[in-house]
Amino acid sequence: MTGSIFRFLSRQPQGPLLYGEGHLLRLPQNRDFTQWSELRAESRGFLQPWEPTWREDELSEASFRARVKRGSEEYRAGYAIPLLLFSRPDLTLLGGLTIGYIRRGAAQSCMIGYWMGERHAGQGHMLAALKIAIPYIYGQLQLHRIEAACIPENWKSVRLLDKAGFEREGLLRKYLKINGEWRDHVMFSRLPEDGEFRKMTRP
């Protein structure tokens, strides 16, 4: 995939380290709590319409440590790879991208999800993260199909997936319970033969 400069170290005890020209993706660590909790707290109104209902202890340190432990276990088991996205070289936390529901056997597929801190949104960071993650998914993980689903009204996410070369497949009725309500989602997928990222001409 031309135009994407990245390198990765996979199956390391601490998880994969995925580098782009100005970004880093890695598993969360306990020392990330302060940045994570502050970014999520200030972005709450921005994120909540598109996420499951936050628990009362959502931003507590104990909850974050449990999240870190669960992420490490899921990575080692091969089920999911929950990554945090940082800018380089200052390592400012920008958001997160999860490679989840990893299925082997005949499927060889995964589902991606992502979030971005409000003050970092609209600056191309998540597209850069996808340009790092997608070659890793096809190459190192050797998966054949990447899926993503988003609420139709979330036009920013729809446009991101379109720009990243995903194809729309159909509507999933009341697919996930988001912010307390069962919401329809549009299913997208991407295959290795879908090629390069698209250049968008419309605003």
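About the Cα centre of the chain, how large is the charge dipole given +1 on each Lys and Arg Cβ and -1 on each Asp and Glu Cβ? Please answer in debye to the nearest 20. Mind showing how you got there, number by number?
Numbers: 30 positive and 23 negative charges, 73 e Å.
In debye, rounded to 20, the chain gives about 360.
Anything in the chain that counts as a DSSP H helix reaching 20 Å or more along its axis (C-alpha) with Kyte-Doolittle mean of at least 0.0? List them, would you? Kindly include the intermediate steps, with their values, before the conclusion.
On the way: long enough: 61-77 (24 Å, -1.37); 125-139 (22 Å, 1.11).
What comes out of the filter, once short or polar helices are dropped, is 125-139.
Could you grab the relative contact order for segment 81-203? Cα pairs under 8 Å, six or more apart, rounded to a whole percent.
On the way: 187 pairs, mean separation 23.1, N = 123.
Normalised by residue count, the contact order of segment 81-203 is 19 percent.
Testing the spin-label approximation: label points 7 Å from Cα along Cα→Cβ at R44 and D162. State their distance in nm.
If labels sit at R44 and D162, their model points lie 3.3 nm apart.
Given the rule -39500 (n - 2.57) for each run of at least 4 DSSP H residues, summed and divided by the residues of the chain, what is its mean residue ellipticity at 222 nm, to the nearest 500 deg cm²/dmol? Provide the component values of the computation, followed by the final result.
On the way: 5 runs with 55 residues, N = 203.
Roughly -8000 deg cm²/dmol at 222 nm, from the helical runs in the chain.
Report, for segment 7-194, the % of DSSP beta bridges that are antiparallel, rounded to 5. Each step should come with its number before you reach the end.
Working: 35 of 38 bridges.
So the antiparallel bridges amount to about 90 percent of the total.
State the volume of the convex hull built on the alpha-carbon positions of segment 7-194, expressed per residue in Å³ and rounded to an integer. Please list the in-between numbers first.
On the way: hull volume 22.7 nm³, N = 188.
Convex hull of Cα atoms, per residue: 121 Å³.
Which order do peptides 54-64, 159-169 fall in by mean Cβ count within 10 Å, highest first? Let's see the in-between values first.
Values: 54-64: 12.8, 159-169: 17.4.
Going by the mean number of other Cβ atoms within 10 Å, highest first, we get 159-169, 54-64.
From largest to smallest, what semi-axes in whole angstrom does segment 95-134 give when each is the square root of 5 times an eigenvalue of its alpha carbon gyration tensor? Present the calculation step by step, with values, prior to reporting the outcome.
Working: eigenvalues 129, 20, 5 Å².
Calculated on Cα positions only, the semi-axes equal 25, 10, 5 Å.
So if I take the centroid of the Cα atoms in segment 12-45 and the same for segment 142-160, what is the distance between those two points in Å?
21
What distance in nm separates the simple spin-label points at L127 and N154, each placed 7 Å from Cα in the Cβ direction?
For L127 paired with N154, the spin-label model returns 1.9 nm.
For a quick protection proxy, order the peptides 123-130, 106-113 by their average other-Cβ count within 10 Å, most packed first. Spell out each step's value before the answer.
Working: 123-130: 19.6, 106-113: 16.5.
By packing density, highest mean first, the sequence is 123-130, 106-113.
Could you work out how much longer the chain between R119 and L176 gets when fully extended? Use 0.36 nm per residue separation minus the Cα distance between them, nm to one decimal. Provide the component values of the computation, followed by the final result.
Values: separation 57, 0.36 × 57 = 20.52 nm, distance 2.63 nm.
So the extension gain works out to 17.9 nm.
Could you give the length gained by full extension between E58 and Q14, i.e. 0.36 nm per residue of separation minus their alpha carbon distance, to one decimal place?
Details: separation 44, 0.36 × 44 = 15.84 nm, distance 2.39 nm.
Full extension from E58 to Q14 adds 13.4 nm.
Report the label-to-label distance for R65 and T34 in nanometres (one decimal), using points 7 Å from each Cα along the Cα→Cβ vector.
Using points 7 Å along Cα→Cβ, the separation is 1.7 nm.
Values in this text are rule-based calculations from the coordinates and carry no lab data. Since the structure is predicted, the reported quantities are computational estimates derived from the model, not experimental observations. Here the Cβ is made from the backbone with ideal geometry for all residues, glycine too, and neighbour counts use every protein chain on show.
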